[in-house]
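Can you read through this structure? Questions will come right after.
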There are 2 protein chains.
Amino acid sequence: MARDVVRSVKGTRDFYPEEMGARIWLYEKMRQVSESFGYSEFEGPMLETYELYIAKSSQEIVEKQSFVFEDRGGDKLTLRPELTPTLARMVAARQPQLTFPLRWWSFGPFWRYERPQKGRTREFFQWNIDLLGDDSPEADAELIAIAASFLKEVGLTSGEVRILVNNRELMDKHLATFDIAPEMRGEVFNLIDRRDKMSEESWQEYAAELGLTPKQTGQVIDLIGNQELWRQSDSLVKMFAALEAYGISDYVSFAPQIIRGLVYYTGTVFEAWDTSGEYRAIFGGGRYDNLVGDVGGDPVGGVGFAVGDLIITLILQQYGRLPEFGKTPSAVFFTLFDQSLLQESLKLANSLRQAGIKVTSQLTPSKLGKQFKYADRIGAKFAIVVGPDEAANNTVTIKNLATGEQTELPQGELVNNLKALGG
Amino acid sequence: MARDVVRSVKGTRDFYPEEMGARIWLYEKMRQVSESFGYSEFEGPMLETYELYIAKSSQEIVEKQSFVFEDRGGDKLTLRPELTPTLARMVAARQPQLTFPLRWWSFGPFWRYERPQKGRTREFFQWNIDLLGDDSPEADAELIAIAASFLKEVGLTSGEVRILVNNRELMDKHLATFDIAPEMRGEVFNLIDRRDKMSEESWQEYAAELGLTPKQTGQVIDLIGNQELWRQSDSLVKMFAALEAYGISDYVSFAPQIIRGLVYYTGTVFEAWDTSGEYRAIFGGGRYDNLVGDVGGDPVGGVGFAVGDLIITLILQQYGRLPEFGKTPSAVFFTLFDQSLLQESLKLANSLRQAGIKVTSQLTPSKLGKQFKYADRIGAKFAIVVGPDEAANNTVTIKNLATGEQTELPQGELVNNLKALGG
C-alpha cells in the first residue's frame with residue numbers, strides 16, 4: 001500500500017541512524033586527523049549575508065548556485081555554499097586577538113542549488129581545514145599530508161585514491177611566455193580545468209572561442225602534459241621534499257592539468273581523485289592570499305581544503321570500507337518480567353548506567369520471548385532478566401541473544417560481567 | 001582603530017574555538033546520556049517544506065517566527081524551527097521497516113526569526129530526544145529521568161535547576177468541570193501558560209477577554225495552585241513512582257501551571273527551570289499522540305523533549321560549570337631549529353602522531369624563544385627541540401613551557417615520555 005507521507009525537500013537527506021552513524025564516523029575520523037596535527041575546531045553561522053560572497057570571489061556560486069532569500073526584515077541572506085568566506089570574515093573580525101599561524105578545522109552543513117544526482121545533493125556536509133599565516137611551501141605540504149592521512153585513516157589505499165597537485169603561479173608564468181594576456185589567464189585556467197571533463201573536439205572549440213591561436217592551444221596542451229614541470233617551481237620542489245617526511249608520498253602526484261574551479265586560489269592547488277575515474281573529485285583545496293584582506297582584515301594568506309561527505313561515502317561504500325551502523329548503542333537490554341518488578345528492574349538498569357554501561361529498558365510488561373525478539377531486532381547482544389526467583393535471590397540472568405545461552409549470577413557481579421562481555 | 005569587516009547576519013553566532021569547545025562539550029554530554037539509555041543518533045534535513053509545519057500544529061511558529069522563502073524553482077521552503085515535525089515525517093516514511101518502541105536523539109541547528117536578546121538567537125542548536133511507540137507513564141518517566149540525568153551530568157544540582165511536570169489530560173478534565181467549552185480549552189491552556197509571565201492585572205484582563213467568568217477565573221487560579229492535584233492522575237502517580245527508581249526525584253516536582261506553548265502535546269508536559277528564576281525555561285517537552293498520523297503515517301504516540309544550547313550555556317557559565325576551551329588540542333609543539341633540520345623534525349613529529357600524540361609543528365625557522373612563546377600562547381604544554389647536537393646524538397630535548405624545565409632523552413623514549421606527561 002502506498003503511503004501518502006508529507007515529502008521532504010528535493011536534494012536533502014534524512015539521516016536515519018544507519019546513515020547518521022556513517023556521518024558521525026567520518027566526522028570522528030576528520031576530528032582525529034585534524035587534532036593530531038594541532039588544529040582547533042570552529043564553526044561559522046549557516047546564514048551569511050549575500051554581500052560576504054559578492055565581496056569575494058565566489059560570485060558565480062552565490063549568483064547561480066546558492067539559496068539566496070530575503071528575511072522578514074528585508075535583509076538578503078544566503079545559506080552558505082562554502083566555508084572559506086566565513087573563515088576569512090571571522091579571522092578578520094578578531095585578527096588582532098588571534099595567534100598566527102592559526103590552525104582551524106570545521107565540519108558542518110552547506111547548501112547549493114544544483115540538480116541533485118548521485119553524489120550531489122542540495123544540502124551536504126563538508127570538512128574544512130585551514131592554516132593561516134604561514135606562506136611556506138611546508139604549510140602547503142602539511143595540508144596535503146593531512147589530506148593523505150585522512151584518506152589512509154578511512155582505509156583507502158594509494159592505489160585507490162590519489163591527490164593531484166599543481167601550482168597556479170607556475171602555470172601563470174608559463175601562460176605569460178605563450179603571450180596569453182594577464183586578463184585572459186583566468187579563462188585559460190577554466191579551459192585547463194575542463195580538459196578532462198570535455199570531449200577533445202568541444203575542448204578545442206572552447207579554446208578557439210576564448211581566442212587562443214592554434215599555436216597557443218598546442219602550447220597549453222604541451223604544458224599540461226609535462227609531468228616534470230614541477231621541477232621549475234621552487235615552491236613545488238620544496239613542498240614535495242617536505243611531503244617525504246610524512247610517509248604518504250605514494251598518495252601524491254604532480255598533475256599540471258589541476259587548476260580548481262574557484263578563482264580565489266593563488267598558489268598551490270590540489271584535488272583528490274579515485275583512480276578508477278568513476279567519480280568526480282573527492283575534494284580539493286589550495287593556497288589563497290587575498291581572502292582575509294577582501295573582507296576588511298589585514299592581508300594574511302592561507303592554505304586549506306574541503307571534503308564533502310557524499311563522494312567519499314560513495315567510494316568507501318564501493319570498497320566496503322564503511323562499518324555497519326544503525327543498531328542501538330546499547331549492547332544490553334533490560335527486560336521487565338511483570339509490573340510488580342518494575343521498580344527493581346528500572347533501579348538495577350540505572351545502576352548499570354551509572355557504572356558506564358549503556359542499557360535499553362523494557363518499560364511495559366510483555367511475554368519474555370517477545371522482549372528477547374525486540375532486543376535482538378534493535379541490535380542488543382545481551383538481555384537481562386529479573387524474575388521472581390532472581391528477585392528473591394538477589395540474582396539476575398544474562399541471556400546471550402546470539403547463542404541463547406543463559407547465566408544466572410549475583411546482582412553484585414553484573415557490572416563486571418557485562419564489562420567483560422563488552423557491554 | 002575600527003575595523004571595517006564584512007558583518008555577520010543578525011542573530012547568528014561565530015563559534016571561535018572557545019565557543020565551539022563549549023558546544024562540543026555539551027554535545028558530548030548529550031550523546032553520553034542519550035546513549036546510556038539506548039537512544040540512537042539521527043538527523044533530519046535543515047530545509048523542510050512549508051507544508052510540513054502547516055500540516056501540523058506548529059502553524060504559529062512557521063507563520064510568524066520562521067525563515068520561509070521560495071527557492072530558485074519556486075518551492076516554498078522553511079529553515080526548520082524545531083525537529084519534531086521532521087521526526088514525525090521520517091518515522092512515517094519508513095514506519096513499516098522501523099522497530100518500535102523507537103528511541104532516537106539528535107543535535108543540530110534550528111532557526112527562528114525572533115528579536116535577538118540574551119539567551120535568544122535566530123540560529124541556535126538543540127538536542128532532541130524522543131521515545132515513540134510506548135504510551136506508558138513509565139515512558140514519560142524515562143524521558144524525565146534522561147533530562148534530569150543530563151542536568152546532573154553537566155554539574156547542575158537539584159537546588160539550582162528543577163524539572164516541573166504536569167499533565168494536559170488532567171487539566172483538561174478539570175477545565176471541563178468548570179464548564180469551559182472544549183473549543184476554548186486551548187486558549188485557557190495559553191492563559192495558564194502565561195500565568196507566571198504576565199502581571200496579575202494583565203493576566204486577569206486576558207482571562208476576561210477570553211470570556212471566562214470571574215468564577216471560572218477563580219477556579220483556574222485554584223486549580224493551578226493545587227500542588228496535590230497530581231494524585232488525581234493515574235498517569236502522573238505511576239510516572240512519579242517510576243521516577244523513584246532513577247534516583248533523581250529531587251530534580252522533579254509537580255507544577256500544575258506548566259502547560260507548554262506548543263499545541264501538539266496531549267498528555268504529560270514538563271519544563272526545566274533554574275530556581276533563581278533569572279532565565280526563561282531551560283527546556284521543555286511532553287507527550288504527543290497525533291504527530292506521525294498527521295503527516296501521513298499510522299498513529300503512534302511519542303514523548304520527548306528539546307534542549308536549546310543558549311540558556312543552558314548561560315546558566316553553566318553563571319555557576320562556573322563550563323570548562324575552559326579554545327586552546328590547541330595538541331599539548332605538544334615541535335619546534336624547528338633551522339631549515340637543515342626540517343626533514344628530521346617533520347619526520348619525528350609525524351612518528352609521534354602515528355603513536356597517537358597530537359602535535360603542532362613549526363614549519364618555518366625562527367628564533368627558538370619566539371617559537372616557545374608561540375607554543376605557550378596557543379596553549380601547548382611541551383616544546384620539543386631537535387638541534388644539531390640532538391640530531392647528532394639521536395636525542396631530543398623536551399621543554400616544559402610552564403616551568404621552563406628541559407630534559408634531553410633518546411628519541412626512542414620520546415613517545416613513552418610524552419604519554420606519561422599526558423601529551
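GNM, chain B, Cα, under 10 Å: largest mean-square fluctuation among B:I129, B:I24, B:I258?
B:I24
Which of B:V188, A:V68, A:A242 sits closest to the plus end of the dipole of the protein assembly as shown, meaning its Cα is farthest towards the positive end, when Lys and Arg get +1 and Asp and Glu get -1 on the C-beta?
Of B:V188, A:V68, A:A242, it is A:A242.
Any number yet on Rg/Rh for segment B:1-49, C-alpha, Kirkwood?
Values: Rg = 16.8 Å, Rh = 14.4 Å.
Radius of gyration relative to Kirkwood radius: 1.17.
Follow-up. Let me know the charge dipole size of segment A:313-423 about its Cα centre in debye, to the nearest 20, where only the beta-carbon of Lys, Arg (+1) and Asp, Glu (-1) is charged. Provide the component values of the computation, followed by the final result.
On the way: 12 positive and 9 negative charges, 105 e Å.
It comes to approximately 500 debye.
What FRET efficiency do you get for A:T403 and B:R377 if R0 is 41 Å and r is their Cβ-Cβ distance, rounded to the nearest 0.05? Provide the component values of the computation, followed by the final result.
Numbers: r = 57 Å, r/R0 = 1.39.
With R0 = 41 Å, the Cβ-Cβ based efficiency is 0.10.
Once the label point is placed 7 Å from Cα along Cβ, list for A:K419 the distances to the corresponding points in the other copies, in nm, shortest first.
2.1
Modelled label-to-label distance, A:V415 and B:Q343, 7 Å Cα→beta-carbon offset: nm?
Roughly 5.5 nm, to one decimal.
Also, I was wondering about something else. Let's see if you can work this out: charge +1 on each Lys and Arg Cβ, -1 on each Asp and Glu Cβ, no other charges. What is the dipole magnitude of the protein assembly as shown about its Cα centre, in debye to the nearest 20? Show your work: numbers first, answer last.
Working: 92 positive and 116 negative charges, 74 e Å.
Charge dipole, the protein assembly as shown, about its Cα centre: 360 debye, nearest 20.
Residues of segment B:134-169 with the amide nitrogen closer than 20 Å to a label point 7 Å from the Cα of B:K118, along Cα-to-Cβ, please.
Hits in segment B:134-169 for B:K118 at 20 Å: B:160-162.
Sticking with this structure for a sec: From other protein chains only, count the Cβ atoms within 10 Å of every residue's Cβ in B:242-248, then give the mean. Write out the running numbers ahead of the final one.
Values: counts 4, 1, 3, 11, 6, 4, 1.
Counting other chains' Cβ atoms within 10 Å and averaging over B:242-248 gives 4.
I need B:T397, B:T86, B:T49, B:T407 ordered by Cβ neighbour count within 10 Å, fewest first. Write out the running numbers ahead of the final one.
Numbers: B:T397 16, B:T86 25, B:T49 21, B:T407 13.
In increasing order of surrounding Cβ atoms, one gets B:T407, B:T397, B:T49, B:T86.
With springs only between Cα atoms under 10 Å apart, run a GNM on chain A and tell me which of A:R115, A:R162, A:R89 wobbles the most.
Judging by the Gaussian network model, the answer is A:R115.
Could you give the nm distance between label points at A:T275 and B:E19, where each point is 7 Å from its Cα heading toward the beta carbon?
Label at A:T275, label at B:E19, 4.5 nm between them.
Would you mind pulling out the separation of the Cα centroids of segment B:110-155 and segment B:344-358, in Å?
A separation of 42 Å, based on Cα centres.
Still on this structure, I have one more. Taking the Cα centre of chain B as origin, sum charge times position over the Cβ atoms of Lys and Arg (+1) and Asp and Glu (-1), and report the length of that vector in debye to the nearest 20. Mind showing how you got there, number by number?
Values: 46 positive and 58 negative charges, 302 e Å.
Dipole size: approximately 1460 debye.
Let me ask something else. From the Cα gyration tensor of segment B:17-318, with a ≥ b ≥ c the square roots of its eigenvalues, which class applies: rounded if a/c is under 1.5, or else prolate if a/b is larger than b/c, or else oblate? Mind dumping the intermediate values first?
Values: a/c = 1.33, a/b = 1.19, b/c = 1.12.
Note, shape of segment B:17-318 comes out rounded.
Could you pull the Cα extents of the protein assembly as shown along its three principal axes, largest to smallest, in whole Å?
Result for the protein assembly as shown: principal-axis Cα extents of 92, 61, 59 Å.
Name the longest site-free stretch of chain B, where the excluded sites are GluC sites (Glu not before Pro) in a DSSP loop with no more than 10 other beta-carbon atoms within 10 Å.
Numbers: sites that count: B:E228, B:E324, B:E405.
The longest uninterrupted stretch comes out as B:1-227.
State the answer as a single residue: which of B:L170, A:N350, B:A391 lies farthest towards the positive end of the charge dipole of the protein assembly as shown, with beta carbon charges of +1 for Lys and Arg and -1 for Asp and Glu, about the Cα centre.
The Cα lying farthest towards the positive end belongs to B:A391.
Let me ask something else. Say a label goes 7 Å from Cα toward Cβ at A:E51 in every copy; what distances in nm does this one have to the rest, shortest first?
In nanometres, ordered from closest: 3.8.
Go ahead and set up a Gaussian network model of chain B, Cα springs under 10 Å, then flag whichever of B:T177, B:T217, B:T266 fluctuates most.
Evaluated over chain B, the most mobile residue of the options is B:T177.
Same structure again: Checking the table A:K327/B:K152; B:K10/B:K327; A:K367/A:K399 against a 22 Å threshold on Cα-Cα, which pairs fail?
Values: A:K327/B:K152 27 Å; B:K10/B:K327 27 Å; A:K367/A:K399 15 Å.
With Cα atoms farther than 22 Å apart: A:K327/B:K152; B:K10/B:K327.
Still on this structure, please answer the following. Taking the Cα centre of the protein assembly as shown as the origin and placing charges on Cβ (Lys, Arg +1; Asp, Glu -1), which of A:V161, B:S361, B:Y319 is farthest toward the positive end of the dipole?
After comparing all options, I get B:S361.
Once you have a ≥ b ≥ c as the square roots of the Cα gyration tensor eigenvalues for segment A:332-421, tell me rounded if a/c is under 1.5, and otherwise prolate or oblate according to whether a/b is larger than b/c. Before the final figure, lay out the partial values.
Details: a/c = 1.27, a/b = 1.02, b/c = 1.24.
Taking the square roots of the gyration eigenvalues as a ≥ b ≥ c, segment A:332-421 is rounded.
Let me ask something additional. So how do B:R377, A:R280, B:R103, A:R168 line up by other beta-carbon neighbours within 10 Å, fewest first? Walk me through the numbers before you get to the answer.
Details: B:R377 12, A:R280 15, B:R103 30, A:R168 20.
Listed from fewest to most nearby Cβ atoms, that is B:R377, A:R280, A:R168, B:R103.
Could you list A:L223, B:L83, B:L77 in order of exposure, starting from the residue whose Cβ has the fewest other Cβ atoms within 10 Å?
On the way: A:L223 18, B:L83 25, B:L77 22.
With the sparsest Cβ surroundings first, the list reads A:L223, B:L77, B:L83.
Read the figures in this text as sums done on the coordinates, not as results from a lab. Given the structure is predicted, the values throughout are model-derived calculations rather than measurements. Note that each Cβ is placed from the backbone with ideal geometry, even for glycine, and that neighbours are counted across all protein chains shown.
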